[in-house]
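Undergrad: Let me begin by handing over the structure; questions about it come next.
The values are calculated or read from the model by the stated rules, or taken from the named source; none is laboratory data. None of the values given here were measured: they were computed from a predicted structure. As a convention, Cβ positions derive from the backbone with ideal geometry for all residues, glycine included, and neighbour counts pool all protein chains shown.
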Ligand SMILES: Cc1cc2nc3c(=O)[nH]c(=O)nc-3n(C[C@H](O)[C@H](O)[C@H](O)COP(=O)(O)OP(=O)(O)OC[C@H]3O[C@@H](n4cnc5c(N)ncnc54)[C@H](O)[C@@H]3O)c2cc1C
Ligand SMILES: Cc1ncc(C[n+]2csc(CCOP(=O)(O)OP(=O)(O)O)c2C)c(N)n1
Ligand code: SF4
Ligand code: SF4
Ligand code: SF4
Ligand SMILES: [Mg+2]
């Protein structure tokens, strides 16, 4: 960590996006995490993705729980809305905020402890309801903030820094998310921003519950031999099924790869994802196949990364509840207090 | 690409852009830090060792360091390096006890120095503590050369010259002032062990145009006129003055005229305003004193009436470029212009002239009638006769004269000790970690966001009343501190140790200027095209690591690194460290008498 604010001076050729913001304008206050923590790289990828998306910072709401990972929203997008909730409760606060104001873009940031231990139930329900959000778990296999206890995502048989073995089965959040009906599921690695940033970009643009499990080494407590969430282990076992290259809204796609090596997925709203295939027969729109593939590869000890599943027909909670299209705070007393005639009508309907 | 070789004195020296650009390689960031700490005397002595005339140079240096300064590549303006030097000089305590003590014993060698300008005074300063018997000759009554005779007092007060020349002459040497050397042959006959020629470029070019002779009483050669002003022989000029020429001498002439009765003073130059030789700040100062600069006008004739100058006729030209991009001044077709005036100052260039050096003493001259001088040793073709300063390679400036003086002194010392003058000890250097704690460094790494501060000036009306009144007031301690904080500490180097790196990207993420890239290896050109931020200056080095665990390499573009140390603070393994680079230039004083070199 450092006590100094990052100097305002920047590279002379730092470019502005369509909104006139540079990448540096999407930064937050300086990180207080340990030097080398994977979480900081994820923050950098979020910054890059928001800059690339020309996202107006005030249109984004960042919500998190408790943990080192959950502290990170302070370190990016300093001009966005933020809510640091209680441990494991980010999903319900996010759901509530989303229902109240559907016009903001919701980014939930959580940890493996925050989401797979105390917050597992909350995680499950937000996903299965299809809340329109991007949900990132910064997964280091430990409770970093409370000094490195095994978390629920720690692999069975992996060892703690002190050499103690983990006997509990691991929860795989990706498999869970697939099962629970997430409409965008990806896994990535904090040490591979080239893969991660486009995935975050696509997730932010996806309408529905988008989930990214991002392996993010804890240099302090879980970066030793015997860990399955260390920089070295993940680099050795990383099997990427694809690389997301392009995301465009409706524009015709031109991709340079050889025929057959690129998949394009056109989503409900007309936006197009172009994926460079790395695993030959992998089809990211087939949920059952994705689950099978993951299970097989996991058994071999591989960490499968990439865009694992996307439902082109995704929809969200507002649609299923048929809620009012305007944010609640924009409704006037006329809409909110429709009067006694309306009340009588409703009551009549219920008889 | 091969991993960058950072061994040896050059790689990290080059990163310190200002020090690299300074002909005397003054440790700029080191003295700037001392100024920020209020340690003015220490800052002064660092300068004194490198550039000999900190008070003089802090007011007048041509400052090649400033265009080189990294800060000028990151934001609009470089650090005011030159004027910070003056802060040290103005605020120091009495430093006389820190000057070198007289030599414990004489070494029996006698050296003659011809001319007592900055070049010869530097040689004298470097040799005096070693026990040489030095004899300085100068045609002028006081030592200092053009520092005293040419640079106007409103830019450089006489006390500053007296003080700094005094530090040198006080080291013990024989001053033969007011004594011109008229024959080198005769001087050599006096059996000196070596002779140093530092006679400068004393002749001002004239303009041989119609009317020159007839109007001679009111047409003056710039540098002769300036020295007459400096020595108090001239104290008036006409009301309307035309200065011909576009260099710094022209700027001094016009500004001096404004102080000696010139009310309507203008500078007229052949070239365009942009291409003028004068430094931008000198032009700015002239314009500030209401002196218009008219460009693209070539003088054709002096007009006169009854032996009295009445004005100058100019041809109006324009710049045209040939297919090679070379510029030529062509007639514009506009009618000639006549500007009336009372006096003309001709400042169109300066030349060397060696009427006092015989051509039959084994000292060869080249086709431009300049002595043949070795660019490294400064020795002429006659062994034992050395040159330096403007006398060696034509008119330059004080800091070059000083740098050449240091090198010539090394040669003279080696020569007198019977050593090979070509065999010169390399500079010494060291790298020292600045780490004091997890995020604590022994330098202030918090980068200031301030823009360059302006040096306060005396009120214009008051300034123009007296040619001896210094215009610039200098930074006070507060402004000096703030300006010093703008320095990026480029001597505190980012040193990378491959085996420790775990490729976590922390340094990449924190670097405010996107200097750092982890990527596949490649040749330099290819690598430069794949950096996280475009590589803008090919003369700025890349620091390329050996192969890392993933097979990639780390590439750091040195160009705009702020030396903020955040990469090292964020590195979990200490693969980055901030280490202060110090360079110890080879001076005669840093070599022991017997010739064995001790340069640290
Ligand atoms: C108008 C003007 C303004 C300038 N302003 C600046 C400035 O602001 N900053 C800057 O860096 N540079 C400036 N310069 C240039 C700078 O003054 C010179 O480059 C520098 O002084 C050269 O130093 P030197 O030791 O080589 O010779 P000089 O300073 O020229 O000294 C040579 C000395 O040798 C003496 N001499 C010559 N022949 C003989 C002889 N035969 N016998 C005995 N003595 C002799 C002369 O009297 C003189 O004192 C300026 C020059 C001029 C003309
Ligand atoms: C209700 C509650 N229970 C327990 C804690 C203690 N606690 C703080 S953070 C944390 C675990 C954080 O782990 P994770 O979400 O993986 O974040 P990391 O620090 O690893 O990024 C725990 C158990 C708490 N703050 N609140
Ligand atoms: S304890 Fe671990 S997770 Fe927390 S900041 Fe340090 S390295 Fe990151
Ligand atoms: S910032 Fe300081 S050290 Fe760097 S080039 Fe400028 S003056 Fe020199
Ligand atoms: S010191 Fe390190 S972090 Fe700071 S600008 Fe230089 S490379 Fe970047
Ligand atoms: Mg964790």
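Undergrad: For the stretch A:129-152: of the residues being touching a helix residue (DSSP H, G or I) at 6+ places or on another chain (Cβ under 6 Å), away from every other protein chain (no Cβ under 14 Å) and assigned to a loop (DSSP other than H, G, I, E, B), which is farthest from ligand 2 (Cβ to nearest atom)?
TA: A:130
Undergrad: Look through the stretch B:506-519, keep the residues that are touching a residue at least 60 places away in the same chain (Cβ under 8 Å) and assigned to a helix (DSSP H, G or I), and return whichever of them is surrounded by the fewest Cβ atoms within 10 Å (Cβ to Cβ).
TA: Going through the qualifying residues, I end up with B:510.
Undergrad: On the given criteria, is residue A:155 touching a residue at least 24 places away in the same chain (Cβ under 8 Å), in a loop (DSSP other than H, G, I, E, B) and within 27 Å of residue A:242 (Cβ to Cβ)? Steps first, please.
TA: Values: touching a residue at least 24 places away in the same chain (Cβ under 8 Å): yes; in a loop (DSSP other than H, G, I, E, B): yes; within 27 Å of residue A:242 (Cβ to Cβ): yes.
Yes; evaluated as a whole, the condition is true for this residue.
Undergrad: Taking only pairs six or more apart or across chains, which ones have beta-carbon atoms under 6 Å, a first residue in the stretch A:324-351 that is under 30 Å from residue A:59 (Cα atoms), and a second residue that is surrounded by 10 or more Cβ atoms within 10 Å (Cβ to Cβ) and modelled with pLDDT of 95 or more?
TA: A:327/A:101; A:327/A:103; A:328/A:100
Undergrad: Quick one: which of B:568, B:533 is crowded, with 19+ Cβ neighbours inside 10 Å, at pLDDT 95 or above, more than 17 Å from residue A:23 (Cβ to Cβ) and within 13 Å of another protein chain (Cβ to nearest Cβ)?
TA: Within the list B:568, B:533, the selection yields B:568.
Undergrad: Can residue B:402 be described as crowded, with 24+ Cβ neighbours inside 10 Å and out of contact with any strand residue (DSSP E or B) (no Cβ under 7 Å at 6 or more places or on another chain)?
TA: On the way: crowded, with 24+ Cβ neighbours inside 10 Å: yes; out of contact with any strand residue (DSSP E or B) (no Cβ under 7 Å at 6 or more places or on another chain): yes.
The answer is yes for residue B:402.
A quick yes/no check of all residues on (1) more than 34 Å from the chain's Cα centre (by Cα); (2) crowded, with 19+ Cβ neighbours inside 10 Å:
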{"residue": "B:504", "(1), (2)": "yes, yes"}
{"residue": "B:521", "(1), (2)": "yes, no"}
{"residue": "B:540", "(1), (2)": "no, no"}
{"residue": "B:546", "(1), (2)": "yes, no"}
{"residue": "B:552", "(1), (2)": "yes, no"}
{"residue": "B:558", "(1), (2)": "no, yes"}
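Undergrad: Looking at the stretch B:548-573, which of its residues are touching a helix residue (DSSP H, G or I) at 6+ places or on another chain (Cβ under 8 Å), part of a loop (DSSP other than H, G, I, E, B) and more than 16 Å from residue A:11 (Cα to Cα)?
TA: Scanning the stretch B:548-573 gives B:548, B:549, B:550, B:571, B:572, B:573.
Undergrad: Continuing with this model, one more query. Limited to the stretch B:384-425, what total is found for residues that are more than 22 Å from the chain's Cα centre (by Cα) and outside any helix (DSSP H, G or I)?
TA: Qualifying residue count, the stretch B:384-425: 11.
Undergrad: Let me ask something else about it. Could you please find all residues in the stretch A:201-219 being assigned to a loop (DSSP other than H, G, I, E, B) and crowded, with 20+ Cβ neighbours inside 10 Å? If you could, list the steps in order and put the result at the bottom.
TA: Just the residues of the stretch A:201-219 that are assigned to a loop (DSSP other than H, G, I, E, B), to begin with: A:206-208, A:216-219.
Of everything in the stretch A:201-219, those that are assigned to a loop (DSSP other than H, G, I, E, B) and crowded, with 20+ Cβ neighbours inside 10 Å turn out to be A:206, A:208, A:216, A:217, A:218, A:219.
Undergrad: Is it true that residue B:527 is surrounded by fewer than 22 Cβ atoms within 10 Å (Cβ to Cβ) and within 12 Å of another protein chain (Cβ to nearest Cβ)?
TA: When the stated conditions are applied, residue B:527 does not pass them.
Undergrad: Looking at (1) under 20 Å from residue B:154 (Cβ atoms); (2) in a loop (DSSP other than H, G, I, E, B); (3) touching a residue at least 40 places away in the same chain (Cβ under 8 Å), find the lone condition where residue B:214 falls short.
TA: Of the numbered conditions (1) under 20 Å from residue B:154 (Cβ atoms); (2) in a loop (DSSP other than H, G, I, E, B); (3) touching a residue at least 40 places away in the same chain (Cβ under 8 Å), the odd one out for residue B:214 is (1).
Undergrad: Can you tell me how many residues in the stretch A:233-266 are part of a loop (DSSP other than H, G, I, E, B) and modelled with pLDDT of 80 or more? Write out each step before concluding.
TA: Step one: list which residues in the stretch A:233-266 are part of a loop (DSSP other than H, G, I, E, B), which gives A:241, A:250-261.
Among the residues that remain, those that are also modelled with pLDDT of 80 or more are: A:241.
Residues in the stretch A:233-266 being part of a loop (DSSP other than H, G, I, E, B) and modelled with pLDDT of 80 or more: 1 in total.
Undergrad: Please verify whether the stretch A:89-103 includes one or more residues that are touching a strand residue (DSSP E or B) at 6+ places or on another chain (Cβ under 7 Å), more than 27 Å from residue A:44 (Cβ to Cβ), crowded, with 17+ Cβ neighbours inside 10 Å and at pLDDT 95 or above.
TA: No, the stretch A:89-103 contains no residue that is touching a strand residue (DSSP E or B) at 6+ places or on another chain (Cβ under 7 Å), more than 27 Å from residue A:44 (Cβ to Cβ), crowded, with 17+ Cβ neighbours inside 10 Å and at pLDDT 95 or above.
Undergrad: Can you pull out the helices (runs of 4 or more DSSP H) entirely within the stretch B:28-144 that have at least 2 residues that are outside the structural domain of residue B:183 (by TED's automatic domain parsing) and within 19 Å of the chain's Cα centre (by Cα)?
TA: So the answer is B:28-36, B:40-51, B:54-60, B:65-68, B:71-74, B:81-91.
Undergrad: OK, next. For the stretch A:15-107, which fully contained helices (runs of 4 or more DSSP H) count at least 1 residues that are touching a helix residue (DSSP H, G or I) at 6+ places or on another chain (Cβ under 9 Å), closer than 28 Å to residue A:320 by Cβ and away from ligand 4 (no atom under 16 Å from the Cβ)?
TA: In the stretch A:15-107, A:38-52, A:90-100 are the helices (runs of 4 or more DSSP H) which contain 1 or more residues that are touching a helix residue (DSSP H, G or I) at 6+ places or on another chain (Cβ under 9 Å), closer than 28 Å to residue A:320 by Cβ and away from ligand 4 (no atom under 16 Å from the Cβ).
Undergrad: How many residues does the stretch A:72-85 contain that are without any contact (Cβ under 8 Å) to a residue 40 or more places away in the chain and within 16 Å of ligand 3 (Cβ to nearest atom)?
TA: The total comes to 1.
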